[in-house]
Amino acid sequence: MILETDTVINNLKNALQKADSVKAVQQVKTRFLGKKGTITAAVKKIGALPPEKRRDAGQKLNQIKKTAETLIKDKMNNLQTAGAATPSGNTAAIKMPGRSHSRGSIHPLTIIKDEIISRFNKMGFLTVEGPEIEKEYYNFEALNIPAYHPARDTQDSFYIQDDYLLRTQTSPVQPRIMEKTPPPIAVVCPGRVFRRDTVDASHSPVFHQIEGLFIDKNISMADLKGLLHHFCKSMFGEDVKIRFRPDYFPFTEPSCEIAISCPLCKGSGCSTCQNEGWIEILGAGLVNPKVLSASGIDPEVYSGLAFGMGIERIAMIKYSIPDIRLFFDNNYKFLKQFV
């Protein structure tokens, strides 16, 4: 049986047009030129023809075979040139534009935390961390806040068990360090803290603090004032003014609150500072002798200073951010400003 050239070539072209991978082209090649392929089978039948017809039939089939091989080779080359062939035989539309990837940025709270830590590290303070699920003893009793103390009312807590809770401050790291480390001690303690606060523009049930502790002989309020004066100047600029006022904390005695002149209005009064010209940034004081004794340090020999600040508060001042909730909303337009 002699094949019709036009019919065979048209069928081959249609098959190659549908082939979209190396594997598919190889299947077409097998169908037409394989051991049992259409063209190969016709070649094998030439011997059964009368002698006078064999020459013409052989020439015709050879031409069909060459045309088929050329078409298959061209199709294979086109696939490879376009990059559609993969080792697995699958196709990949590499001519399509790739997906763009936005560059990430460090979270503003992380930026501020690292800045604060860096400044105290340069002054010789080590960075230590403590557990977020804390024993009631370290969160309260070791810090001179017994069960009957009214200060507990201002730290409405998340209890896990009767004597375990999510820490309400990073201060519990202080007695843990004092129990294990003999003076002198100079540490800063960053981390998350938790309180059952109602969410609004300035309150969140989850926020971040950094505590500082310095224990040695003959530590006084002069050391505290000099340390925090240097920190505020380095953090907010040499032009900032610093104010120390008496305050009360159970774990320090005497205690004070530190405020800086408003960076936005330069102390003249605006909505950010509630027209006072000052913004409170942290609390501090000399470590209460009862806290030293509870941790096994002799208050007759050693004294110390402690301070604590909210990272969100520092970031809000530094970047003029009006609402604490922006730190936790995962809003891309907000976060991408801090590249």
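With a ≥ b ≥ c taken as the square roots of the eigenvalues of the C-alpha gyration tensor of region 147-278, please select rounded if a/c is under 1.5 and otherwise prolate if a/b is larger than b/c or oblate if it is not?
Working: a/c = 2.09, a/b = 1.20, b/c = 1.74.
Oblate is the answer for region 147-278, as a/c is 1.5 or above yet b/c matches or exceeds a/b.
What FRET efficiency comes out for the pair Phe328/Asn121, r = Cβ-Cβ distance, R0 = 30 Å, nearest 0.05? It would help to have the intermediate numbers written out before the result.
Working: r = 27 Å, r/R0 = 0.90.
Given R0 = 30 Å and the Cβ-Cβ separation, E is 0.65.
Would you please classify the overall shape of region 246-339 from the alpha carbon gyration tensor, given that a ≥ b ≥ c denote the square roots of the eigenvalues, rounded means a/c under 1.5, and beyond that prolate means a/b larger than b/c while oblate covers the rest?
Details: a/c = 3.83, a/b = 1.89, b/c = 2.03.
Oblate, since a/c reaches 1.5 and b/c is not below a/b.
So, counting K/R as plus one and D/E as minus one, what does the shell of residues with Cβ under 10 Å around Lys29 add up to?
Summing Lys and Arg as +1 and Asp and Glu as -1 gives +2.
So if we plug the beta-carbon distance of Ser100 and Asp20 into 1/(1 + (r/R0)^6) with R0 = 35 Å, what FRET efficiency do we get, rounded to 0.05? Don't skip to the answer; put the middle values down first.
Values: r = 27 Å, r/R0 = 0.78.
Result of the calculation: an efficiency of 0.80.
So what does log10 I(q)/I(0) come out to for region 1-80 at q = 0.13, 0.22, 0.26 Å⁻¹, using the Debye formula with one equal point on every Cα and no solvent?
Taking Cα atoms of region 1-80 as identical point scatterers yields -0.40, -0.95, -1.22.
Full extension from Asp200 to Lys45: what is 0.36 nm times the residue separation minus their Cα-Cα distance, to one decimal in nm? Mind dumping the intermediate values first?
Numbers: separation 155, 0.36 × 155 = 55.80 nm, distance 9.06 nm.
Between Asp200 and Lys45, full extension yields 46.7 nm more.
How do Cys189, Cys270, Cys256 line up, fewest other C-beta atoms within 10 Å first?
Numbers: Cys189 25, Cys270 14, Cys256 22.
By the 10 Å Cβ count, ascending, the order reads Cys270, Cys256, Cys189.
Take the alpha carbon atoms of region 1-60, find their center, do the same for region 266-309, and report the distance between the two centers in whole angstrom.
What the calculation gives is 93 Å, centre to centre.
Give, to the nearest whole percent, the P(r) tail of region 108-338 beyond 25 angstrom, counting all Cα pairs. Before the final figure, lay out each step's value.
On the way: 10973 of 26565 pairs.
More than 25 Å apart: 41 percent of the Cα pairs in region 108-338.
Pulled fully out, how much extra length does the chain show between Asn62 and Ser271, if you take 0.36 nm times their separation in residues and subtract their Cα-Cα distance? Please report the intermediate quantities before stating the final value.
Numbers: separation 209, 0.36 × 209 = 75.24 nm, distance 9.27 nm.
Residue separation times 0.36 nm, minus the Cα-Cα distance, leaves 66.0 nm.
Taking amide H positions as placed 1.01 Å from N in the peptide plane, with prolines and chain starts having none, which residues 5 or more places from Cys262, or on another chain, fall under 5 Å of its amide H?
Result for Cys262 returns Gly267, Trp278, Ile279.
Can you bin region 139-202 into rounded, prolate or oblate? Criterion: square roots of the alpha carbon gyration tensor eigenvalues sorted a ≥ b ≥ c, rounded for a/c under 1.5, prolate for a/b above b/c, oblate for the rest. Don't skip to the end; give the middle numbers.
Numbers: a/c = 2.16, a/b = 1.53, b/c = 1.41.
Because a/c hits 1.5 or more and a/b exceeds b/c, region 139-202 counts as prolate.
Each reported figure results from applying straightforward, stated rules to the coordinates on display, with no laboratory input. Please read all numbers here as calculations on a predicted model, not as lab measurements. Note that we place each Cβ from the backbone using ideal geometry, even for glycine, and neighbour counts take in every protein chain shown.
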